[in-house]
Amino acid sequence: MAKTKLTEGLSDNISSALKYVIFADLYPIVKRTGGMATIMFSNIDHKRLIKWLKGLDQTDTYSENEDALKDVYSRISVSSALKDLYRTVDKLKSKETSSEENEQRISDIEMVMRKIQKTLKAKLSKEDLELFDKMSDLLDSPAEDAAKSIEGSVGASTKEPEPETEPETEPEPEPEPEQDEVEESLKMEVYLKSVIREMIEKRLKLK
């Protein structure tokens, strides 16, 4: 529950950018030939990626535009800058941080995702953007699953705070005897000594 609260809102804030990520990678995901998404989701296999599509690859919209989507990927996949951004997200989502540092990590992921969205949009032609709008509703669910995967990775790599330990308490020193008690003890010691001496003297006289 605590980890859910720590990452709350992250998936909502990055799902829009992930629609562009999925769109650019639709062709290789469907064909199981790799794709840039495997850089960002190094912990996810192709079977999982296909499940995220929820049958999008079986729709007429995909079939009718497969060649266009192949072209989109071939143009965008050569970008080393985009690949570096994808690697950055992959590292950030699995980087172990404390709950106190998590706010900054989440902020960094959101910032990188915004940059990815901006970069992808800039690389898409007018026709590409029209196709994106046409497929937008179909991309919602895969993008949400991808966003939840990132959110889950952040939650899983958040270190639990160390339990607070009770400070060790020093044993209280024995109270010093009061002056009257000391004097009384000395008097008793003197008295006992005198009694013992008398007993010894009496025994000696009896002999």
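Throughout, read-outs are computed from the coordinates displayed, never taken from laboratory work. It should be emphasised that the depicted structure is a prediction, and the values quoted were computed from it without experimental measurement. Methodologically, a virtual Cβ is constructed for each residue, glycine included, from the backbone with ideal geometry; neighbour enumeration extends over all protein chains shown.
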Query raised in the report: Can you sort Met111, Met40 so the residue with the fewest Cβ neighbours within 10 Å comes first?
Result: Met111, Met40
Report summary line: Least to most buried among Asp84, Asp60, Asp71, by other C-beta atoms within 10 Å and fewest first, runs Asp60, Asp84, Asp71
Query raised in the report: If you line up the Cα atoms of the range 2-159 on their principal axes, what length do they span on each, largest first, in Å?
Result: 48, 28, 25
